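Only one structure is covered here, and it is reproduced in the block below.
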Amino acid sequence: MSRKTARNLPLHLVLVAVGAAMAVPLIYALLSGFKSTDQLSRNPIGLPDPWVTGNYTGILGAGDFWRLVGNSTLIAVATAVLVVAVSALSAFSFARFAFRGREVLFTLFTMGLMFPFAVAALPLFLLLRSMGLLDNPLGVILPQAAFGLPMTIIILRGFFRQIPGELEEAATLDGCGPLGFFWRVLLPMARPALGTVSVLAVVTSWNNFLLPLLVFTDNTWWTLPIGVQQYQGQYSADTARVFAYLVLAMVPALAFYSVAERQLVGGLTAGATKG
Amino acid sequence: MTSTFLPDKRTGTDVDLPPPSEDHARGRARRRARNWLTAVGFQVPALVLFIVLVLLPILFALYAAFFRWGGFGMPSDYVGVDNFTRLLDDPVFLGDLWRCLVLVLLSLALQLPFALAMAVLLNQKTRGRAVYRMLFFAPYVLSEAITGVLFSMIFAPDDGLADRVLGGVGLDGLGGEWFADPSMVMATLFLVMTWKYFGFHMMLYLAGLQSIPAELNEAALIDGAGPWQRFRNVTLPLLAPTLRISVFLSVIGAIQLFDLVWVVTQGGPDHHSETMAVTMFQYGFKRYQVGYASAISVVMFGISLVFALAYQRFVLRRDLEGATTTMRGDGK
């Protein structure tokens, strides 16, 4: 027992060191938010003394921060609903029908995985401008859903394929059409997979920066990542306040992660290995 | 993915036999056509979304790259391949390519091996491994923009945490201007990228490691293989498909790197951290040289495409043939 502990000591030291490197930036930001900027420059590393809550309460008390959270949430949820609904239909057709052109079509979608979004950003912006979708949340939601299709379709198709064919036969005998089978049998059974792809879509949308940066020219629809960048520019002299803002902006993502860790990690590894 | 398939309660009872079918050839053909229409009908929404918002923009960039164009009206000033030849003479763009290569090489040489080492450590039954796993992966869920702002403050010259700590322990010499120093900016960016992304690769490796049957390691142990031999001859070959995917994702990530750089340095100081996507953004959205920016998009697209196809052809294809995949499939 003690020999085992001794042998494991270097291992634990490594883990503690890496863990510290990961955690220190976050903890530093959290503590700095509880200082005044003046205190932060005198006492950058120690605990706050006194603990100043004004930065956090000030940000939470103003409406701006909540508007960003609301925008990010709305856009993320709408993106997830759209991409999952559309992908589920498509994946259903890929998984349960043998039709001419299926492989070509599927290859077309999977090719979408290889293209960095940045490649399409510029022409996409021109397209959205000509469609009048700038400064409109749809200008972010629709392209995000479109770029989320390949991964979502691949994951859902794999899942739908595992559902035994007998069920479909039984449903058909009961008078279910394809749509009825899809809606009443397949979707309820696929709930775990739907959860996984929804979580992926929400996180991707939540963290998107380039697209909202292009589409939202004024601050009505800004999302959190844009807001944080702007806030840093605006309050660059008030470092402690920016730290508080950063911490508050991280909370929703980290909270979501702690709730949906299994779906997120499962989805990412499934997506990566099946893509 | 695990799930249990409960048979639907409604099925299996009250089965009405279908009416006897009259299978004339014409009826079958009509039914097949209807079947095709149903199947394709389900594809329509996805297809419309994908064509309009993914394929068309990429094709349009391909078209616009051959024009001198400010981005308003339709492109009309056709210039042939001028934009592309100009790219080859553009020191900033050539620098972008070089920096992309440097990031890829640094990832392959440092970030991914580090992620693998951590995955191997955390694959053992150590105390607190669930906590470490969660902690190492956590930065992945933060947006690059927020990560960028955080580290621009941590690496702020003199006042930031990094310089304060180094100064505090008497290592002032190691501190510096970080993002503001042309010779340090890429290394600092890479450090931040590793902080944010190694946990993701680690998670992929962990999933791969867990699908390796324990019997194989035990058999190697009985054969007298030491830890290094077991890692080299059992773990690594069986992990190869996962490693190849992770390398692929890492390269694609380096090609399109934008958010982090834009938030932290906007490509500076003096282009020393600029990436292809940043250069594209500068020309397309700041200087209104949309034709030229489109050419950059096209080159990024071309690099991704060639890389993806070549990778698929020469590297990933082996996974479809080799015994390792079969093994992994069984172990899942």
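The values are calculated or read from the model by the stated rules, or taken from the named source; none is laboratory data. Keep in mind that what you see is a predicted model, and the values were worked out from it rather than measured. Cβ placement follows ideal geometry from the backbone for every residue including glycine, while neighbour counts extend to all protein chains displayed.
Quick look at the values:
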| read-out | value |
| --- | --- |
| Failed item in (1) farther than 30 Å from residue B:115 by Cβ; (2) outside the structural domain of residue A:228 (by TED's automatic domain parsing), with residue A:69 passing the rest | (2) |
| Conditions (1) within 25 Å of residue B:99 (Cβ to Cβ); (2) assigned to a helix (DSSP H, G or I); number of the one not met by residue B:271 | (2) |
| Conditions (1) modelled with pLDDT of 85 or more; (2) within 26 Å of the chain's Cα centre (by Cα); (3) facing chain A (nearest Cβ under 8 Å); number of the one not met by residue B:65 | (3) |
| Residue tally, condition surrounded by fewer than 24 Cβ atoms within 10 Å (Cβ to Cβ) and under 24 Å from residue A:194 (Cα atoms), over segment A:120-140 | 2 |
| Qualifying residue in segment A:207-218 (condition: surrounded by fewer than 22 Cβ atoms within 10 Å (Cβ to Cβ), in contact (Cβ under 8 Å) with a residue 40 or more places away in the chain and of a type in the set (S, T, N, Q)) | yes |
| Selection count, segment A:226-275, where residues are more than 9 Å from chain B (Cβ to nearest Cβ), closer than 25 Å to residue A:31 by Cα and without any contact (Cβ under 8 Å) to a residue 24 or more places away in the chain | 8 |
| Enumerated helices (runs of 4 or more DSSP H) restricted to segment B:123-232, each holding at least 3 residues that are modelled with pLDDT of 85 or more, under 20 Å from residue B:107 (Cβ atoms) and more than 10 Å from every other protein chain (Cβ to nearest Cβ) | B:185-210 |
| Segment A:79-110, residues that are buried (at least 24 other Cβ atoms within 10 Å of the Cβ), hydrophobic (A, V, I, L, M, F, W, C) and facing chain B (nearest Cβ under 7 Å) | A:86, A:92, A:109 |
| Search result, residues across segment B:75-122 that are assigned to a helix (DSSP H, G or I), among the polar types (S, T, N, Q) and over 27 Å from the mean Cα position of the chain (by Cα) | B:83, B:85 |
| Residue list for segment A:114-156, restricted to those being more than 7 Å from chain B (Cβ to nearest Cβ) and without any contact (Cβ under 8 Å) to a residue 24 or more places away in the chain | A:129, A:130, A:131, A:132, A:138 |
| Boolean, residue A:178 is closer than 21 Å to residue B:144 by Cα and either at the interface with another protein chain (Cβ under 10 Å from one of its Cβ atoms) or touching a His at 6+ places or on another chain (Cβ under 6 Å) (or both) | no |
| The listed residue being over 30 Å from residue A:236 (Cβ atoms), touching a helix residue (DSSP H, G or I) at 6+ places or on another chain (Cβ under 8 Å) and modelled with pLDDT under 90, out of B:308, B:295, B:323 | B:308 |
| Residues of segment B:284-307 classified as in a helix (DSSP H, G or I), without any contact (Cβ under 8 Å) to a residue 24 or more places away in the chain and either among the basic types (Lys, Arg) or more than 9 Å from chain A (Cβ to nearest Cβ) (or both), total | 3 |
| Check on residue B:261, surrounded by 17 or more Cβ atoms within 10 Å (Cβ to Cβ), under 17 Å from residue B:92 (Cβ atoms), within 12 Å of another protein chain (Cβ to nearest Cβ) and touching a residue at least 60 places away in the same chain (Cβ under 8 Å) | yes |
| Condition check for residue A:191: without any contact (Cβ under 8 Å) to a residue 40 or more places away in the chain and within 15 Å of residue A:84 (Cα to Cα) | yes |
| Hey, residue A:164 within 11 Å of chain B (Cβ to nearest Cβ), under 24 Å from residue A:266 (Cα atoms) and not hydroxyl-bearing (Ser, Thr, Tyr) or not | yes |
| Residue A:223 being among the polar types (S, T, N, Q), surrounded by fewer than 21 Cβ atoms within 10 Å (Cβ to Cβ), touching a residue at least 40 places away in the same chain (Cβ under 8 Å) and in contact with a Leu (Cβ under 9 Å, 6 or more places away or on another chain) | no |
| Residue within segment A:3-15 that is touching a Phe, Trp or Tyr at 6+ places or on another chain (Cβ under 6 Å) and not assigned by TED's automatic domain parsing to the domain that holds residue A:161 present | yes |
| Failed criterion for residue A:38 (all others in (1) under 22 Å from residue B:163 (Cα atoms); (2) within 11 Å of chain B (Cβ to nearest Cβ) hold) | (2) |
| Residue within segment B:62-70 that is free of Cβ contacts under 8 Å to residues at least 12 places away in the same chain and not hydroxyl-bearing (Ser, Thr, Tyr) present | no |
| Meets criteria (surrounded by 15 or more Cβ atoms within 10 Å (Cβ to Cβ) and at negative phi) for residue B:69 | yes |
